[in-house]
1. Taking T14 as the residue in question, decide whether it is among the hydroxyl-bearing types (S, T, Y) and touching a helix residue (DSSP H, G or I) at 6+ places or on another chain (Cβ under 6 Å).
2. What number of residues in segment 12-36 are under 22 Å from D2 (Cβ atoms) and either in contact with a strand residue (DSSP E or B) (Cβ under 6 Å, 6 or more places away or on another chain) or open to solvent by less than 70 Å² (accessible area, probe 1.4 Å) (or both)?
3. Assuming F20 fulfils every condition listed in (1) touching a residue at least 24 places away in the same chain (Cβ under 8 Å); (2) within 9 Å of the chain's Cα centre (by Cα) apart from one, which condition is it?
4. Can you name the condition, by its number, that Y50 falls short on among (1) open to solvent by less than 50 Å² (accessible area, probe 1.4 Å); (2) in contact with a Pro (Cβ under 7 Å, 6 or more places away or on another chain)?
5. Are any residues in segment 1-43 among the aliphatic types (A, V, I, L, M), part of a loop (DSSP other than H, G, I, E, B) and at pLDDT 85 or above, and if so, which ones?
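The values are calculated or read from the model by the stated rules, or taken from the named source; none is laboratory data. No experiment lies behind these values; they were computed from the predicted model shown. Virtual Cβ from ideal backbone geometry, glycine too; neighbours counted across all protein chains shown. All accessible areas refer to the heavy atoms of the entire protein, side chains included, with ligands and DNA or RNA removed. Shrake-Rupley method; radii C 1.70, N 1.55, O 1.52, S 1.80 Å.
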Amino acid sequence: MDKWFTNLTYKGNTGSASIFVMLEELVSSGKLEQGDKIFCLVPESARFLYAYMLLTVV
C-alpha cells in the first residue's frame, strides 16, 4: 500500500479535475524522487472508457 497514492477519503470525488488535484498533491507531498514512475488510470463516467498515463519524475 505504500506505493499507492490516493486522496479520495479526504478530498472526495472531484469529477473531471480529480487527476489534476491528485497529481498536484502528490508532487507537493515530497514523496517523489527522480526516476520514479507514476501510473495513472482515469475512468470516464459511466461509459466504460479509461485513459492511462505513465509519467516519469524528472
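1. On the way: among the hydroxyl-bearing types (S, T, Y): yes; touching a helix residue (DSSP H, G or I) at 6+ places or on another chain (Cβ under 6 Å): yes.
Yes, satisfied.
2. If we filter segment 12-36 for residues that are under 22 Å from D2 (Cβ atoms), which is where we start, we get 18-19, 21-36.
Filter once more, so that each one left must be either in contact with a strand residue (DSSP E or B) (Cβ under 6 Å, 6 or more places away or on another chain) or open to solvent by less than 70 Å² (accessible area, probe 1.4 Å) (or both): 18-19, 21-23, 25-26, 29-30, 32, 35-36.
So the answer is 12.
3. (1)
4. The failed condition is (1).
5. Here is the first cut: in segment 1-43, the residues among the aliphatic types (A, V, I, L, M) are 1, 8, 17, 19, 21-23, 26-27, 32, 38, 41-42.
Within this subset, residues satisfying the condition of being part of a loop (DSSP other than H, G, I, E, B) are 1, 32.
Scanning segment 1-43 gives a single hit, L32.
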